[in-house]
1. Highest mean first, what order results for 77-85, 178-186 on Cβ atoms within 10 Å?
2. Restricting things to alpha carbons, find the Rg to Rh ratio for segment 1-74 using the Kirkwood radius for Rh.
3. In terms of Cα to Cα distance under 15 Å, which aspartates and glutamates are near enough to Lys180, apart from those fewer than 8 places away along the same chain?
4. Read phi for every residue in segment 104-117 and hand back ³J(HN,Hα) as whole Hz from Karplus 6.51 cos²θ - 1.76 cosθ + 1.60, θ = phi - 60°, with x for Gly and Pro.
5. Where the accessible area of segment 1-140 is counted over protein heavy atoms with a 1.4 Å probe, how much of it, in %, is carbon and sulfur?
6. What are the lysines whose alpha-carbon lies under 17 Å from the alpha-carbon of Lys82, with same-chain residues fewer than 8 places away excluded?
7. Mind checking the per residue accessible area of the chain for me, 1.4 Å probe, whole number of Å²?
8. Work out the FRET efficiency for Thr2 and Lys126 from their Cβ-Cβ distance, taking R0 = 35 Å, and round it to the nearest 0.05.
Amino acid sequence: MTVKEVIDGFQEGAEENAERDAYANELFQEAVRIGMELNTKYHTPEETREIMGRLIGKKVDRSFRMFPPFYTDFGKNITIGKDVFINSGCHFQDQGGIEIGDGALIGHNVVLATINHDLNPEENRKNHYAPIKIGAHVWVGSNAAILPGVTIGDYAVVAAGAVVTRDVPAMTVVGGVPAKVLKVIKELPGAIPAEEKEERYEAAV
């Protein structure tokens, strides 16, 4: 059994597999154990990168910076680009997949949640997974929550305290609950006009 097989098991329509579930539980406990190692004593930046590499199951670039504590319940479905900064108190629920682009800044206490539960009582709160993708040079403000299936475009800004339920266009500032476009930072060649971009986003929310 491999980590990839466990991740594939989170996809919609995956058949039940007792061996896979057992290995998934081992990985959950490993994430808890490594998280405790990370969060309960001081580590140098180099040590922090090494521990994060073990937590996510892949090498972390030497440009990565983080202020612990950091929390995740799985860890092995997180991908982190170069020159990424994660501030303290963040919670990444990553079974559905979390990708963070180069140069992204993640503020205090940000929640990235890739799991929803089924609303139908007959489904007994079954899990549904969808990935979160944070583009290059995105800035996510403190206490923001980004929900399953959301993609945030390059150079976008998520205001502090926002709850992001829909994709965020590149070069925009979004905020509020649910988040809506507050400002267009810069028009790109051939881009949708700012007013139309805001109208489309607000209609989708």
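The values are calculated or read from the model by the stated rules, or taken from the named source; none is laboratory data. Computed from a prediction, not measured in an experiment: that's the story for all the values here. Cβ sites come from the backbone with ideal geometry, for glycine too, and all protein chains shown count toward neighbours. We work out accessible area using only protein heavy atoms, side chains counted, and drop any ligands, DNA or RNA first. Shrake-Rupley method; radii C 1.70, N 1.55, O 1.52, S 1.80 Å.
1. Ranking the peptides 77-85, 178-186 by packing returns 77-85, 178-186.
2. When Rh is taken as the Kirkwood radius, the ratio is 1.06.
3. Once the sequence-local aspartates and glutamates are set aside, what remains near Lys180 is Asp167, Glu195, Glu196, Glu198, Glu199, Glu202.
4. With coefficients 6.51, -1.76 and 1.60, one gets 6, 10, 10, x, 4, 6, 6, 10, 10, 10, 9, 10, 10, 10 Hz.
5. About 51 percent, which is the carbon plus sulfur part of the accessible surface.
6. Cross-link targets: Lys58, Lys59, Lys133.
7. That works out to 54 Å² for each residue.
8. About 0.90, to the nearest 0.05.
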